[in-house]
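Written out below as structure tokens is the structure these notes cover.
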Amino acid sequence: MTLDAASPQRTLIILNPHAGGGQAGRAWRDLEPLLWQQLGELLIAVTERPEEVAQHLDKARAAGITRVIAIGGDGTNHGLINALAHLNARYPDEAPMIYGNLPIGTGRDWARGQGMPHHDPAAAARWIARAQPIPTDIGRLTHEGGAEYFLNIASAGIGAEVVRRVAAVGRRRPWTFLRATVGTIVGGGAVAMQVTLDGAPWFDGRAYVCAIANGSTFGHGMKIAPHADARDGLFEVILVKDVPRLEVLIALQRVFSGTHLTHPAVMSARARIAQVQTVTPIGIELDGELTRAHDMTFTIQPGLLSLLG
């Protein structure tokens, strides 16, 4: 990628051709001429590793480019959100970088939750060309291993194993997430955890999952937090208590319609800070990316980034 003098019409495109099992690379052939028509001049950076993203953003900022659009799924979002948060923090007196995402990946759940076209890349391109930058909340997780940001949803509990199972599937289908979720519930169990919200004790017991939601949807269309709003300065926290596996499996279908909140095993609340503690480290997934910890603090960062919406 070569960057010359600044131009307000330029947009940096971050392309991960392997996103969605190669869907992004295949879709790019049709998307490129449409994006040139809709957005004006493009600078295209092809990247396969998250650590490369920051270098491309630095070059774009130095050339005066303030709009970046990534082509990929929720994992691509995760990498860009972290890189942009650090970039904007290093240059607080300069115009912040504006971010947009063309959803081509396995889950595409951030796009689903935002009402963005997610089945038709061309429709998504036209949508994002008309979108305007909106200050958007970003979640931040700190734990004994470090800190990172997330855009959509972070979950402690069985979510990490679900993601691991999905990642092991070579060719993913619309039902891949559901099958992985069922397999994880059948093969796993609840975890002992203590949850504190805004400094007040909220839960102490065994739970299948505690989801800290900035967006509403994960797991390829599961509306785990149907009332979440990424622009209200609050997380929606959803917890599924330890009940017999069969009961959880029967109720699982309700997550797709968002009607699970009335189930007696489900707790929900809103908070700016959620703390989750476990005796030993457990799996955590953030926008589909995995880590492990036993002492976690999730903090909402109101309006931290401007996203096209």
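Give the distance, in whole Å, between the Cα centre of the stretch 62-102 and the Cα centre of the stretch 256-270.
For the stretch 62-102 versus the stretch 256-270, the Cα centre distance is 33 Å.
Looking at the stretch 38-167, send over the antiparallel percent of its DSSP beta bridges, to the nearest 5. Write down the numbers at each step before the final one.
Numbers: 5 of 11 bridges.
Close to 45 percent.
Only residues of the stretch 224-262 count here: report those whose backbone N is under 20 Å from the spot 7 Å along Cα→Cβ of Gln194, or say none.
Correct set: 238-242.
Sort 114-123, 73-82 by packing, meaning the average of other beta carbons within 10 Å per residue, with the highest value first.
Descending packing order for the listed peptides: 73-82, 114-123.
Does the stretch 231-309 come out rounded, prolate or oblate, given a ≥ b ≥ c as the square roots of the eigenvalues of its C-alpha gyration tensor, rounded meaning a/c under 1.5 and, failing that, prolate meaning a/b above b/c? Walk me through the numbers before you get to the answer.
Numbers: a/c = 1.94, a/b = 1.30, b/c = 1.49.
Cα axes put the stretch 231-309 in the oblate bin.
Please compute the net charge surrounding Ala269, taking Lys and Arg as +1 and Asp and Glu as -1 over other residues with Cβ under 15 Å from its Cβ.
Details: positive: Lys241, Arg270, Arg272; negative: Asp198, Asp204, Asp229, Asp232, Glu236.
Local net charge: -2.
Grab every C-alpha pair in the stretch 140-303, bin the distances at 5 angstrom width from 0 up to the longest one, and report whole percents.
Spelled out bin by bin, the stretch 140-303 gives 2, 9, 20, 24, 23, 15, 7, 1, 0 percent.
In terms of modelled amide H atoms, which long-range or inter-chain residues lie less than 5 Å from the amide H of Ala70?
Amide H to amide H, under 5 Å and 5 or more residues apart or across chains, Ala70 pairs with Ile14, Gly100, Asn101, Leu102.
Calculated from DSSP H runs of 4 or more alone, at -39500 (n - 2.57) each and per residue, what is the 222 nm mean residue ellipticity of the chain, nearest 500?
-9500 deg cm²/dmol
In what sequence, highest mean first, do 143-149, 222-228 appear when ranked by Cβ atoms within 10 angstrom?
222-228, 143-149
Using θ = phi - 60° and the Karplus curve 6.51 cos²θ - 1.76 cosθ + 1.60, what whole-Hz ³J(HN,Hα) does each residue of the stretch 251-268 get, with Gly and Pro shown as x?
These are the phi-based 3J(HN,Hα) values: 7, 4, 4, 5, 5, 5, 9, x, 9, 6, 5, 8, 5, x, 8, 9, 10, 9 Hz.
How high is the relative contact order of the stretch 11-131, in percent, with contacts defined as C-alpha pairs under 8 Å that are six or more residues apart?
Relative contact order here is 31 percent.
Which whole-Hz couplings ³J(HN,Hα) result when phi for each residue of the stretch 289-303 is put into the Karplus expression 6.51 cos²θ - 1.76 cosθ + 1.60, θ = phi - 60°, listed in order with x for Gly and Pro?
Those phi angles translate into 9, 10, 8, 9, 6, 10, 9, 10, 10, 9, 10, 6, 10, x, x Hz.
List the GluC sites (Glu not before Pro) within the stretch 1-93 that DSSP assigns to loop and that have no more than 15 neighbouring Cβ atoms inside 10 Å.
When the GluC sites (Glu not before Pro) of the stretch 1-93 are filtered for loop state and at most 15 Cβ neighbours within 10 Å, Glu41, Glu48 remain.
Tell me, in nm to one decimal, what length is gained between Ala123 and Gln301 on full extension, where the rule is 0.36 nm per residue of separation less the Cα-Cα distance?
Full extension of this stretch gives 61.0 nm more.
Averaging sequence separations of C-alpha pairs under 8 Å and six or more residues apart, then dividing by the length of the chain, give the relative contact order as a whole percent.
Taking the mean separation of contacting Cα pairs over the length of the chain, I get 20 percent.
If you consider only alpha-carbon coordinates, what radius of gyration and Dmax does the chain have, in Å?
So, for the chain, Rg and Dmax equal 19.2, 62 Å respectively.
Can you work out the Karplus-derived ³J(HN,Hα) for every residue in the stretch 50-65? Use 6.51 cos²θ - 1.76 cosθ + 1.60 with θ = phi - 60°, whole Hz, and x for glycine or proline.
Going residue by residue, I get x, 5, 7, 4, 4, 5, 5, 5, 4, 5, 5, 4, 4, 8, x, 7 Hz, with x marking Gly and Pro.
Whose amide H sits under 5 Å from the amide H of His294, counting only residues 5 or more places off or on another chain, with H placed in the peptide plane?
Glu144, Ile282
Only the coordinates and a few stated rules stand behind these numbers; no lab work does. Everything numeric in this text was worked out from a predicted model, so none of it was measured. Backbone-built Cβ (ideal geometry, glycine too); neighbour counts: all protein chains shown.
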